[in-house]
Every structure is written in structure tokens, then in C-alpha cells.
1. Is it the case that region A:54-70 has a residue that's aromatic (F, W, Y), surrounded by 17 or more Cβ atoms within 10 Å (Cβ to Cβ) and touching a residue at least 12 places away in the same chain (Cβ under 8 Å)?
2. Hey, among the residues in region B:390-418 that are part of a loop (DSSP other than H, G, I, E, B) and free of Cβ contacts under 8 Å to residues at least 12 places away in the same chain, which one's surrounded by the most Cβ atoms within 10 Å (Cβ to Cβ)?
3. If the requirement is being among the β-branched types (V, I, T), out of contact with any strand residue (DSSP E or B) (no Cβ under 7 Å at 6 or more places or on another chain) and within 14 Å of chain A (Cβ to nearest Cβ), which of these qualifies: B:V172, B:V150, B:V138?
4. For A:W208, are the conditions met, namely being in a loop (DSSP other than H, G, I, E, B) and either away from every other protein chain (no Cβ under 14 Å) or over 26 Å from A:A99 (Cα atoms) (or both)?
5. What number of residues within region A:229-250 are touching a helix residue (DSSP H, G or I) at 6+ places or on another chain (Cβ under 7 Å), surrounded by fewer than 22 Cβ atoms within 10 Å (Cβ to Cβ) and more than 13 Å from chain B (Cβ to nearest Cβ)?
6. Name every residue in region B:269-296 that is assigned to a loop (DSSP other than H, G, I, E, B), surrounded by fewer than 19 Cβ atoms within 10 Å (Cβ to Cβ) and more than 9 Å from chain A (Cβ to nearest Cβ), in order of residue number.
7. For region B:224-249, which residues satisfy the criterion of being among the small types (G, A, S) and either part of a strand (DSSP E or B) or touching a strand residue (DSSP E or B) at 6+ places or on another chain (Cβ under 6 Å) (or both)?
8. Does region A:138-163 hold any residues that are without any contact (Cβ under 8 Å) to a residue 12 or more places away in the chain and more than 10 Å from every other protein chain (Cβ to nearest Cβ), and which are they?
Amino acid sequence: MLFTLSFVAYLLATTTYVVFFITQKKKIRSAARCLLFGAGILHTVTILGRYIAAGHTPLTTHHDTVSFFAWSMTWAFLSFRWRYQVKNLGTFVSLVISALMAIAALSSQDIAVLPPALQSVWLPIHASIAILADGFLAMGFCSGLMYLLQERELKKKRFGVFYSRLPSLEALDTLIHHCLTVGFPLLTLGIITGSFWAKQAWGSYWHWDPKETWSLITWFIYAAMLHQRFIAGWRGKRAAVLAIIGFVAVLFTLWGVTFLLPGVHSYVR
Amino acid sequence: MSADSILILGVNHKTAPVAVREQLAFSSDPERPFRSLKEIPGCAEFCFLSTCNRVEVIFTSPHQTETIQAIKKFLFATSNVKEEEIDNFIYLHRGTEAITHLYRVAASLDSMVVGEPQILGQLKDAYRNSSERECTGVILNRLLHKAFSVAKRIRTETNIGGSAVSISYAAVELAKKIFGNLEDKKVLLVGAGEMAELAAEHLINQGISEVIVANRTLERAVNLAKRFNGKAVGLNELHAQMELVDILVSSTGASGLILHQEEVKPIMKLRKNRPLFLIDIAVPRDLDPKLNDLDNVYLYDVDDLSQVVEVNKAEREQEAMRAERIVTEETLKFLHWIEEMQLTPTITALRQKADSIVKAELARTLSHCNLGAKEIKSIEKMAVAITSKLLHDPIHFIKQGHSHEDKQQKLDFARKIFGLDLESEKEE
């Protein structure tokens, strides 16, 4: 019930953001911000409720994971919001959040019984850090997408909907970089805590389980991107494209692995 | 003289692309246009205007077809445009249309960036150059002067120039979309022309941190750099400077490209791919169009810049409409003057003026005299006789023009001496 309420709140915020994107009226933007903030609070309460109902950190089912993903993206955005004035980022971010919420809404909301192997202090640490990382990387994806849209209009010299509505290339490039500098350490930490937990649960640090392999691949994509940025000055379009590719790898790690390559990480059903 | 003998033939940014316009640049020999146009038969008066967005000949001609052909040939003499293709690029305005067009040009309604202030100065220079060489006469002198006052009127009565739009303004808008904040950015001006100066001014208003001027002659570079507290370098240092700057404004008078794609590619590596914004406001172009294909390089030439301005065009459309109304109104006034500038209307006006003075003075004098009908009649006769005798010689003088030009001048002279156009001028 609470989940449905926060989903509706997100949808409202997204619609308001889209209306703002079209009309560019400042009042509508303030309304959208308030709505998103409210939705974020409601969602936090939802997750706390799930925690109490389940008796353990609710990050084991598909529904909970995707819902937490949306939650971390919301707060990644809201915490960024005050520091960086990036025009119309909210529209893009809220669209992704709503999509995630829709996916969460479609999957089973039953509370899972936790198998003994997963009962550990590492569960909340590993899973929340990993998904928080995803939240920031998702925002990096949004800014990468915005960068490509803006760069396209500037290069083609055809000024359509995006030219006046999107921020400057440099602002977007900086945002991509900031998302990575927060998201990448979190991702690293997520992998490390995961391997500690694996040691505790299954006896060895690394299993080459598909999810582990794919998070490593994702990690390498982002590591290469940061490395190239500092060494060869890969920025602008290349950084934007890589932020998008990296996020596709994140999504594959999240879903592709679960549904196509089952392993020890499968969600509790 | 009828309005239809006023013509304007030319190309502008709307009718011809940069690639064609740059072939018509007349910078190599500034005297050539005047020499060539003077030789064209039937080209009675003319004014030659050449800016980076337009080349126009404003002229009057009694027998027109051959004159028009000759002017076309003159305009395209240095280009590789085939004779049968010329008509695709030019416009020819006649009579009312020509007057309206000139007014619109002067008021910057026909500019690439509507409302930009440079064109009026350029038109004034063009007129001065033409009149100093005695290429203009009665008609064009009046027409051009009117054009200047129409432009001034539009500037004060409408808000057309209010948003301070110009090519450099458009460039600043773009720079903001690329860099966001311009405060820690550097700009390199290549070529020390007026356009470069204007662009630099706009950029400095936006807080740009440093201006560097590169020019073929170091002296001019130093002078311009001084104005902006910047530094001057020689053109041979161009590549080294490009590693450091963020924006480059090129406006040299070079006949070919001064910067190629292959030269900039290695520079981008040295810059660690920091974005580079290249603005080419030169005609002929200075920068290789292929530069835009490089990652993180954004190249805009004059034509591209116009599209940026298109974006907020709607806001100015209303002001433009008010300006167009002024143009229409002023065109009608000029047409009225031209109609009057003929022999019969001038003589009629002269006689009417004399008659009205006689009538007024008679009425005043006779109102306080006690005279009989007979005396009044003779006084009236005398007054009429004096004025018609006084006017006899001037009328004889204006009737006796040898050439067309001579007649025009005499008419103009007479109209001025007797103040025949004063009434309509007062209304303005």
C-alpha cells in the first residue's frame, strides 16, 4: 500500500517535471522538486516498513532491490540537486526513477524468508552499497544522455527542443565526472564487501559466479574511463558514451545475469 | 524622374551562401568598384555597399536592361559563377521595393542578426565613399539621408536593437552553451578587424579572463590588445596559443584557409581534449569547415551563427513588425517627394506658394484699409504681377536643363531655395 502511494507520488513528480520541461515555468519546477522530495520521504518510509515486516534488510527480492535502486537514485539526485544547478536534469532522472518503480511494481511484493546462508551483517552492507553505487551511476547515465543530445544539436547546428533546455556541455561533463567519482568508489566497496560476505557464506572470496564476473566487467569499464580521463583527457563525448555503456553493463549485472545466467546471486523467490 | 528608375541589385546572406559571397569580396582593390561602375553606361547615380553579409549596388538608371546586365557582370567578375546561374543568387528591387529594401537594410531589418547595430555604420561609410567620388546625385543623396533618419527613427521608436543582438552576441550565447561559465576562459582573436573587436567586447562583458590578439602586423595586434588589457602575438604563434585558449574568433582578410583540420588534430591531444570553440566571422572563410568533425571542436561560421539567433527570434518579431510599419510610412513619403521632384509639379508648387502668400498678405493689408472695389482690384493685380515677374526667371531657369542630371539638380536647388519641401519635412 505504502509502495503504491510512493509510486503514484513519483509518477506525479515525473509528470510535473515533464510539464516543466515543455513549458519551462519556474513555479512548475519548484512544485516538481517538492513532489519528488515528498515521494522520496514516502519511499523511505515504505522501505523502513518492509524492514520491520521482514525482520531483515529488505534487499533480497527482485521487487525490493529495484525499489531500493529507485530510492538511491532519488536521493543521489536530491543530494546533488542543491550543489549543482544542472538545468532539467530532474526530468531525465525522474523518468528513470519512474521506470524503475514500474518494474518494481510489476514484480512480486511477497516478503521472502531468508535462507540461513544469507543471514549476515554483510547483507545490508554489501547490497545497499552496491545499489547505492548503481543509483549514482544511473545519474551518470542520465547526464551522459543529456550530453549527447546537447552535443548533437551544437554539432549539427540545428537547434531544437534540447538546445535551450539542456545545460552547457561543460556542466554536464562535470556532472558525469562527479557521478563517477562517487559511484565508482561505492561500486569498488560493493565488490569488496561482497567478497568478504562470500568468504563468510561460502568459504572463498571469489567464485566467478556470473554476477561477480559481470560486476567486475562493469568495474573495469568505469576504471578504464576514469583512467583515460586523467591520463589522456578523455572527456566530452567519449566520457558520455562510456557513461552510457557502463550503465548498460550495470543493468546487465542487475537483470541480465539474474534472468539469463543464474548463479548464487539469484534473488530469493 | 519616376521612382521606378531607382534600383538595387545585390546578393546577401539570404540569397547566396558564404561560398558564393566570399568570391565577391572587394577588399583587394577598394577603388575598383567605383572605377568599374562609373564606366557602366546608364548608371546615373550609384552607391556601392559591401559588408561580410551583403554586396549591393544602389543606383538610378533611365535605360535599365543593359545597365542591369553590366552591373551583374561587374559583381560576379571575380567569381566562378556561370552567367546563367547569376540570377539564382541576386535580387533586383525597383522603385517602391528598392526604397523599402534600402530602409530595411539601414534599420537592420534585413540583417542576418536583426537589429545589429553595425550595418548602419557600414551603410554610412559606403555612402560617404560613394559621394566623395561624386557617384551619387540628387536622388541618392536624399534617399540615403532619408534611410539614415529612418534607421534612427526605428531605433528610438522600437526596441529592435534592445537585446543588443549581433553576430558576436550569438557567439556568446553559444559559448555559454559549451562552457557554461566563461569566467576562467581565454579567447584568441585572429585578425584585428572591427568584428573581432566587437566579439571581444561581448565576451569581456561575460567575464572572460584573458584576451590574446594574433595579427599579421604586430602593431595592430598590440593596439587592440591594449584596449582589452590582453597580450599580442604574431600569427606564427597561432598553433602554440591554440593549446591554451578556449575560444578562437577568426576574422582575417586572408584569401584562403588559415587553419586546417590536420593542424588542429594534434593540438586537441595536447589540450587533453578540452573543448575548443571556433568562430569564423571572416568572409572569405578562415577556418577549414572539416574542423567541426573533430571531437570537442565546435566550429561556427557566419551562416551558422544566424541560426542561433533564430532561436529567440519570436520575441523580437513584434518589434520588427512595428519597424516595418515605419518603413512603409517612410517609403510613401519618399515616393511623394519623388513625384514632386518633376518640372510641372515644381512649377505648380512654386506658383501655389506665391499665390498663398499674396492672398494672405492682401487679406491682412486690405482688412484695415477703407478702399473702394476699384482700388482693391488694382492692388490685387499689382501683387500678382510682382510675384509672377519675380518667379519668371527662376521658372525659366529650371526649365532650361541640358542633361537629365542637370535638370534634377536645378529642380532640387529650386525646391530648396523656395522651401517647397519644408511643409512635409516639418511633419516628420
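The values are calculated or read from the model by the stated rules, or taken from the named source; none is laboratory data. Just so it is clear, the model here is predicted, and its values are computed rather than measured. Cβ: placed from backbone, ideal geometry, glycine included. Neighbour counts: every protein chain shown.
1. Yes, there is a match, as at least one residue in region A:54-70 is aromatic (F, W, Y), surrounded by 17 or more Cβ atoms within 10 Å (Cβ to Cβ) and touching a residue at least 12 places away in the same chain (Cβ under 8 Å).
2. Among those that are part of a loop (DSSP other than H, G, I, E, B) and free of Cβ contacts under 8 Å to residues at least 12 places away in the same chain, it is B:G401.
3. Only one candidate passes the filter, namely B:V172.
4. Yes.
5. Residues flagged as touching a helix residue (DSSP H, G or I) at 6+ places or on another chain (Cβ under 7 Å), surrounded by fewer than 22 Cβ atoms within 10 Å (Cβ to Cβ) and more than 13 Å from chain B (Cβ to nearest Cβ) within region A:229-250 amount to 3.
6. Scanning region B:269-296 gives a single hit, B:L294.
7. B:A225, B:G230, B:A232, B:G234
8. Within region A:138-163, A:R152, A:V161 qualify.
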